[in-house]
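J.: What follows is a structure written as structure tokens; I'll ask about it next.
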Amino acid sequence: MKEKIVLLAGFGQLGRLIQESKPTDTELYAFSSRDFDICNRAQHELVYKDLAPTTIINTSAYTQVDKAETEHESAFAVNALGPALVAEAAPKDCRIIHFSTDFVFDGAKLSAYKPTDLAAPLSIYGASKLAGENKLRELRPDSTIIRTAWLYSAEAKNFITTMLKLMAERDALSVVNDQFGTPTSAHGLAEVLWRFVANRDLKGIYHWTDQGVASWYDFATEIQKQALDLGLLKKKIPLHAISSSEYPTPAQRPKNSLLDKTVTYEAINFSGKPWQEELNIVLRRLG
Ligand SMILES: NC(=O)c1ccc[n+]([C@@H]2O[C@H](COP(=O)([O-])OP(=O)(O)OC[C@H]3O[C@@H](n4cnc5c(N)ncnc54)[C@H](OP(=O)(O)O)[C@@H]3O)[C@@H](O)[C@H]2O)c1
């Protein structure tokens, strides 16, 4: 089947990389947030009528986790109403692929979260993303939802770019060492997305991150080590491990963000790489 794809938020961190990695025989229409506001019902109706897509990929999101604590309405509009409008306006046989987050979990579990584990978000961002998942599952049970975590890329502002800047400017840095997850390359996730596109039988919730476990402190330590090796940093500075309580933020984050990918590995016949290898690829792109 020849795919005709509408990509919502085609110029965000993940959206850009999905465009970049598009298979040559795929027809893709990528919209920016300016051309297509996911909260505008009329735009959904117009675009889907005009293009008759076979698949809609939604990467749009309100992703400012701390700001969401005081901007409930904006977060829920983009993260919950948005997916509901996609579901309501999409043509009957059109597949919907949507992205969600580890922040739907409270992080209290002592092992990696399975897609079937109970969601219990700690933050407004997490609650709004969960509301979006639930709307999609209610309105279009055939949708595909890919939850991911700790995303970064060479092209957008993220933890890596922030760390590199601070490591170049400061004499020492404190980094949280009691939240665990898996740093995940958005470049790798974009490739994984295309494996999902290729198999229309994959419905329901799937988890994807790179392989391995790290705290933010571990992640920063590895960024510094690799960046020094690659010549992206000139000097080594001391990194201090601190607890979340020493770095208070408006939104509470899960202590455990690990996602169990067993079901995904089988579904797409691919299990990705250790996060340190993906980090190396991205740092080389930055160099
Ligand atoms: N980044 C992470 O660490 C992370 C972790 C777990 C899950 N995720 C999920 O992964 C997906 C992709 O995230 P990302 O890192 O690519 O985030 P991102 O770079 O912040 O991209 C989000 C995109 O959504 C667009 N957007 C915001 N409001 C919109 C609206 N009303 N209508 C249409 N588009 C709108 C933004 O456009 P503007 O920039 O023009 O506002 C931006 O292009 C999201 O579902 C996110 O929740 C991300």
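J.: Quick query: amide H of GLY204 versus all other amide H atoms, modeled in the peptide plane; which residues come in under 5 Å with a sequence gap of 5 or more or a different chain?
T.: Correct list: SER143, THR144, ILE145.
J.: Right, something else. If you average the sequence gap of Cα pairs under 8 Å that are 6 or more apart and divide by the length of the range 140-197, what percent do you get for the contact order?
T.: 47
J.: Each label point is 7 Å from the Cα along the Cα-to-Cβ direction; what then is the distance between the points at GLU27 and LEU228, in nm?
T.: The answer from the label model is 5.4 nm.
J.: Would you work out if the range 156-287 is rounded, prolate or oblate? Take a ≥ b ≥ c from the square roots of the eigenvalues of the alpha-carbon gyration tensor; rounded if a/c is under 1.5, else prolate when a/b is larger than b/c, oblate otherwise.
T.: Here the range 156-287 falls in the oblate category.
J.: Cα convex hull of the chain: how many Å³ per residue?
T.: Enclosed volume per residue, from the Cα hull, is 125 Å³.
J.: Moving on to the next point. Going by amide H atoms built from the backbone, whose H comes under 5 Å of the H on SER174, apart from near neighbours?
T.: For SER174, whose amide H was placed from the backbone, the distant partners under 5 Å are HIS240.
J.: Related question: Taking amide H positions as placed in the peptide plane 1.01 Å from N, state which residues far from SER100 in sequence (5 or more) or on other chains have amide H under 5 Å from it.
T.: Distant-sequence amide H within range of SER100: ILE146, ARG147, THR148.
J.: Pop out the ³J(HN,Hα) list for the range 44-53 in order, Karplus 6.51 cos²θ - 1.76 cosθ + 1.60 with θ = phi - 60°, rounded to Hz; leave Gly and Pro as x.
T.: So the J values, rounded to whole Hz, are 4, 4, 5, 5, 6, 5, 5, 9, 6, x.
J.: Still on this model: Estimate the FRET efficiency between ASP178 and ASN40 by the formula 1/(1 + (r/R0)^6), using the beta-carbon distance for r and 51 Å for R0, to the nearest 0.05.
T.: So the FRET efficiency works out to roughly 0.80.
J.: Can you work out the Karplus-derived ³J(HN,Hα) for every residue in the range 152-158? Use 6.51 cos²θ - 1.76 cosθ + 1.60 with θ = phi - 60°, whole Hz, and x for glycine or proline.
T.: Result, rounded to whole Hz: 8, 8, 7, 9, 10, 6, 7.
J.: Just how large is the dipole of the chain about the Cα centre, in debye to the nearest 20, putting +1 at every Lys and Arg Cβ and -1 at every Asp and Glu Cβ?
T.: Rounded to the nearest 20 debye, it is 320 debye.
J.: A follow-up question, please. Count charges around ILE237 for me, please; just the other residues with Cβ under 11 Å from its Cβ, Lys/Arg as +1, Asp/Glu as -1.
T.: Combined, the nearby Lys, Arg, Asp and Glu give +2.
J.: Using DSSP, restrict attention to beta bridges with both residues in the chain and report what percent are antiparallel, rounded to the nearest 5.
T.: Counting only bridges with both partners in the chain, antiparallel ones make up about 5 percent.
J.: Here's another thing I want to ask about it. Can you list the HN-Hα couplings for the range 164-170, worked out from phi with the Karplus curve (6.51, -1.76, 1.60; θ = phi - 60°), rounded to whole Hz and with x for Gly and Pro?
T.: My calculation for the range 164-170 gives 4, 5, 5, 5, 7, 8, 9 Hz in order.
J.: May I pose another question? Using the crude model of +1 on Lys and Arg Cβ and -1 on Asp and Glu Cβ, and no other charge, please compute the dipole size for the range 1-54 relative to its Cα centre, in debye to 20.
T.: Dipole size: approximately 60 debye.
J.: Still on this structure, I have one more. Pulled fully out, how much extra length does the chain show between GLU88 and GLN211, if you take 0.36 nm times their separation in residues and subtract their Cα-Cα distance?
T.: 40.7 nm
J.: How are the Cα pair distances of the range 87-187 distributed, in percent, across 5 Å bins from 0?
T.: Per 5 Å bin, starting at zero, the Cα-Cα P(r) for the range 87-187 comes out as 2, 10, 17, 18, 17, 14, 10, 6, 3, 2, 1, 0 percent.
J.: Restricting to DSSP H runs of at least four residues, report the calculated mean residue ellipticity at 222 nm for the chain, -39500 (n - 2.57) per run over all residues, nearest 500 deg cm²/dmol.
T.: -11000 deg cm²/dmol
J.: Return one whole number: the accessible area per residue of the chain in Å², for a 1.4 Å probe.
T.: I get 46 Å² per residue for this part.
J.: Name the residue farthest towards the positive end of the dipole of the chain from the options HIS240, ILE160, GLN226, assuming +1 on Cβ of Lys and Arg, -1 on Cβ of Asp and Glu, about the Cα centre.
T.: GLN226
J.: Each label point is 7 Å from the Cα along the Cα-to-Cβ direction; what then is the distance between the points at ARG285 and LEU110, in nm?
T.: 3.8
J.: Figure the gain on full extension for ALA168 and GLN64 (residue separation times 0.36 nm, minus the Cα-Cα span) and round it to one decimal in nm.
T.: Full extension from ALA168 to GLN64 adds 35.0 nm.
J.: Which value in nm describes the separation of the simple spin-label points at ASP50 and GLN19, placed 7 Å from the Cα toward the beta carbon?
T.: For ASP50 paired with GLN19, the spin-label model returns 1.6 nm.
The values are calculated or read from the model by the stated rules, or taken from the named source; none is laboratory data. Bear in mind the structure is a predicted one, so any value in this text is a computation, not a measurement. Heads up, the Cβs are rebuilt from the backbone with ideal geometry, glycines too, and the neighbour counts pull from every protein chain shown. Quick note on the areas: whole protein, heavy atoms, side chains included, nothing else; ligands and nucleic acids left out. Shrake-Rupley method; radii C 1.70, N 1.55, O 1.52, S 1.80 Å.
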